[in-house]
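Worksheet: one structure, shown below.
The values are calculated or read from the model by the stated rules, or taken from the named source; none is laboratory data. From a predicted model like this one, the values you see are computed outputs, not experimental measurements. Heads up, the Cβs are rebuilt from the backbone with ideal geometry, glycines too, and the neighbour counts pull from every protein chain shown.
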Amino acid sequence: MKPENRRKCCVGAAVLVVALTGSAIAAYQHHRATPAPLTLGDGRTGPADMVWIAGGAFTMGSEYSRALPNERPAHQVRLHGYWIDRHDVTNADFARFVAATGYVTTAERKPRWEDLQVQLPPGSPRPPDDVLVPGALVFSGTDAPVPLNDYSRWWKFVPGANWRHPAGPGSDIAGNDNHPVVQVSYEDALAYARWAGKRLPTEAEWEYAARGGLKQADYAWGKEFAPNGKKMANTWDDAARPFPVTNAVANEKVQVGTSPVGQYAPNGYGLYDMAGNVWQWVADWYRADAFGIEAARSQTADDPHGPSDSFDPDNGPTAHAPARVTRGGSFLCSETYCISYRVSARRGTDPMNSMSHLGFRLAMDQSDWEKKQ
């Protein structure tokens with residue numbers, strides 16, 4: 001073969017290799033391409049019933065006049081894209097997990113003294129064993145208006161309360177398959193997440209998703225709590241009765257509680273119940289001063305995962321007791337009490353705690369979804 005022919009052959013082979021390689025790269029890149037913004041996964045193009053939130057920057061926290069100190073100062077955060085559940089994990093979802101794994105929730109186990117002790121002032125006596133029984137906190141309401149500085153007036157520990165019996169023995173979840181599961185601790189949410197191949201969202205991811213593309217709006221749907229008089233979330237109705245009154249008329253207890261997921265309009269990202277219905281666990285440890293610490297760094301925070309420990313000065317001697325962030329407010333939040341259905345509102349919760357207005361939703365990275373394919 002003449003040299004020029006050999007060169008042509010080599011060039012031709014090189015072009016073919018480049019073309020094939022280019023095709024392979026293009027096919028690989030196509031396979032690896034990030035989903036279009038706000039794609040709803042169907043189990044094939046993405047995880048079922050999860051929405052793809054494209055990465056971006058936003059202002060986290062609030063300078064709203066009614067924002068609490070733990071929501072300030074507003075600061076800049078930048079996130080990579082992620083998937084997040086379109087709605088809270090439901091009773092039906094959780095039932096499938098329990099049936100598949102035999103998992104026993106925190107509320108269904110005898111409380112451990114070491115878990116309780118860290119939430120109590122130093123020197124608190126150990127309660128008798130007959131007091132340490134499975135159960136959870138249940139909203140009980142009151143017969144008349146009461147001072148709002150003592151939540152023990154409307155919360156009671158009820159033996160036998162758990163996710164199957166949210167208000168205690170005699171209650172059940174029959175007919176409420178599509179209600180958010182409640183009476184689940186942080187530990188329970190993590191266990192479910194591991195089974196589902198997902199994770200809890202970070203606090204920053206939760207707030208970014210909850211804002212639905214709106215900039216510094218007070219609520220997940222905009223600036224007004226009830227635009228044109230329309231109720232936008234399952235929250236306490238102050239006009240009907242003052243919080244926490246449920247027994248205003250003798251023997252006529254008003255029932256308050258969860259509503260089905262998706263009953264109210266979604267936010268701009270197609271996510272339901274990012275305000276009201278149930279508080280939602282997120283991954284971060286809770287510090288009341290976390291936003292101040294972040295803002296003091298004077299730079300945009302990239303994919304923040306929160307502080308390394310807990311701190312809540314309002315708890316006095318137990319200021320450093322373990323606490324995880326919960327977000328979104330619940331059916332108990334009202335204009336006169338906590339207004340924690342605001343998109344920047346946050347609080348710390350004992351990670352071993354189970355309550356009748358506390359649930360969760362999950363997130364997933366695109367890389368984890370691709371591993372499942």
Q: Report the residue count in the stretch 123-149 for those that are within 31 Å of the chain's Cα centre (by Cα) and either among the hydroxyl-bearing types (Ser, Thr, Tyr) or closer than 30 Å to TYR337 by Cα (or both).
A: 14
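Among the residues of the stretch 248-259, is any more than 12 Å from the chain's Cα centre (by Cα), under 27 Å from GLY102 (Cβ atoms) and modelled with pLDDT of 95 or more?
First pass over the stretch 248-259, keeping only residues more than 12 Å from the chain's Cα centre (by Cα): 248-259.
From the residues that got through so far, the ones that are under 27 Å from GLY102 (Cβ atoms) too are 258.
Narrowing further to those that are modelled with pLDDT of 95 or more: 258.
Yes, that holds for at least one residue.
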Q: Kindly provide the set of residues from the stretch 94-145 that are touching a Lys or Arg at 6+ places or on another chain (Cβ under 6 Å), aliphatic (A, V, I, L, M) and not in a loop (DSSP other than H, G, I, E, B), ordered by number.
A: VAL138
Q: Within the stretch 205-216, track down each residue that is surrounded by 21 or more Cβ atoms within 10 Å (Cβ to Cβ) and either β-branched (Val, Ile, Thr) or touching a strand residue (DSSP E or B) at 6+ places or on another chain (Cβ under 8 Å) (or both).
A: GLU205, TRP206, GLU207, TYR208, ALA209, ALA210, ARG211
(Q) So for the stretch 297-320 (the condition being within 30 Å of ASP172 (Cα to Cα), surrounded by 22 or more Cβ atoms within 10 Å (Cβ to Cβ) and either touching a Phe, Trp or Tyr at 6+ places or on another chain (Cβ under 6 Å) or in contact (Cβ under 8 Å) with a residue 40 or more places away in the chain (or both)), does at least one residue qualify? (A) no
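Return yes when ALA217 is closer than 22 Å to ALA54 by Cβ, in contact with a Lys or Arg (Cβ under 9 Å, 6 or more places away or on another chain), in contact (Cβ under 8 Å) with a residue 60 or more places away in the chain and part of a strand (DSSP E or B) and no when it is not. Give the steps one after another, and end with the answer.
Values: closer than 22 Å to ALA54 by Cβ: yes; in contact with a Lys or Arg (Cβ under 9 Å, 6 or more places away or on another chain): yes; in contact (Cβ under 8 Å) with a residue 60 or more places away in the chain: yes; part of a strand (DSSP E or B): no.
No.
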Q: Have a look at VAL158, VAL184, VAL131 and point out the one that is β-branched (Val, Ile, Thr) and in contact (Cβ under 8 Å) with a residue 24 or more places away in the chain.
A: VAL184
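Does the stretch 99-107 contain at least one residue that is on the phi > 0 side of the Ramachandran plot, loosely packed, with under 12 Cβ neighbours inside 10 Å and modelled with pLDDT of 95 or more? Please lay out each step first, then the result.
Step one: filter the stretch 99-107 for residues on the phi > 0 side of the Ramachandran plot, giving 102.
Next cut, loosely packed, with under 12 Cβ neighbours inside 10 Å only: 102.
After this cut, where a residue has to be modelled with pLDDT of 95 or more as well, the list is 102.
Looking for residues that are on the phi > 0 side of the Ramachandran plot, loosely packed, with under 12 Cβ neighbours inside 10 Å and modelled with pLDDT of 95 or more, one finds at least one in the stretch 99-107, hence yes.
Working only within the stretch 147-204, note down all residues that are aromatic (Phe, Trp, Tyr) and crowded, with 18+ Cβ neighbours inside 10 Å.
First, pick out the residues of the stretch 147-204 that are aromatic (Phe, Trp, Tyr): 151, 154-155, 157, 163, 186, 192, 195.
Passing the criteria: TRP154, TRP155, TRP163, TYR186, TYR192.
Within the stretch 326-352, how many residues turn out to be at pLDDT 95 or above and either in a strand (DSSP E or B) or small (Gly, Ala, Ser) (or both)? Talk me through it step by step, then tell me what you get.
Initially, the stretch 326-352 is screened for residues at pLDDT 95 or above, giving 326-333, 340-352.
Pick out the ones that are also either in a strand (DSSP E or B) or small (Gly, Ala, Ser) (or both) and you get 326-330, 340, 344-349.
Going through the stretch 326-352 one residue at a time, the tally reaches 12.
Kindly provide the set of residues from the stretch 61-108 that are of a type in the set (Gly, Ala, Ser) and within 19 Å of GLY306 (Cα to Cα), ordered by number.
Filtering the stretch 61-108 down to residues of a type in the set (Gly, Ala, Ser) leaves 61-62, 65, 67, 74, 81, 92, 95, 99-100, 102, 107.
The answer is GLY61, SER62, ALA74, GLY81.
Quick one: how many residues across the stretch 127-149 are over 30 Å from PRO242 (Cβ atoms) and either modelled with pLDDT of 95 or more or of a type outside the set (D, E, K, R) (or both)? Even if it seems obvious, please write down each step before you answer.
Kept after step one, since they are over 30 Å from PRO242 (Cβ atoms), are these residues of the stretch 127-149: 127-134.
Now drop any that are not either modelled with pLDDT of 95 or more or of a type outside the set (D, E, K, R) (or both), which leaves 127-128, 131-134.
Matching residues across the stretch 127-149 total 6.
How many residues does the stretch 177-212 hold that are of a type outside the set (A, V, I, L, M, F, W, C), more than 26 Å from VAL133 (Cα to Cα), out of contact with any Gly (no Cβ under 6 Å at 6 or more places or on another chain) and assigned to a loop (DSSP other than H, G, I, E, B)?
Going through the stretch 177-212, the residues of a type outside the set (A, V, I, L, M, F, W, C) turn out to be 177-180, 183, 185-188, 192, 194, 197-199, 201-203, 205, 207-208, 211-212.
Adding the requirement that they be more than 26 Å from VAL133 (Cα to Cα) leaves 177-179, 194, 197-199, 201-203, 205, 207-208, 211-212.
After this cut, where a residue has to be out of contact with any Gly (no Cβ under 6 Å at 6 or more places or on another chain) as well, the list is 177-179, 194, 197-199, 201-202, 205, 207-208, 211.
Within this subset, residues satisfying the condition of being assigned to a loop (DSSP other than H, G, I, E, B) are 177-179, 197-198, 201-202.
Within the stretch 177-212, residues that are of a type outside the set (A, V, I, L, M, F, W, C), more than 26 Å from VAL133 (Cα to Cα), out of contact with any Gly (no Cβ under 6 Å at 6 or more places or on another chain) and assigned to a loop (DSSP other than H, G, I, E, B) number 7.
Hey, among TRP236, TRP195, TRP206, which residue is in contact with a Cys (Cβ under 7 Å, 6 or more places away or on another chain) and of a type outside the set (A, V, I, L, M)?
The unique qualifying residue is TRP236.
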Q. Does any residue in the stretch 359-373 that is at negative phi come within less than 8 Å, Cβ to Cβ, of a residue that is charged (D, E, K, R) and assigned to a helix (DSSP H, G or I) six or more places away or on a different chain, and which pairs are these?
A. ALA363/GLU205; GLU370/ARG32
Q | From the options ARG72, ARG86, residue that is surrounded by 13 or more Cβ atoms within 10 Å (Cβ to Cβ), in the same structural domain as VAL325 (by TED's automatic domain parsing), modelled with pLDDT of 50 or more and over 19 Å from the mean Cα position of the chain (by Cα) | A | ARG72
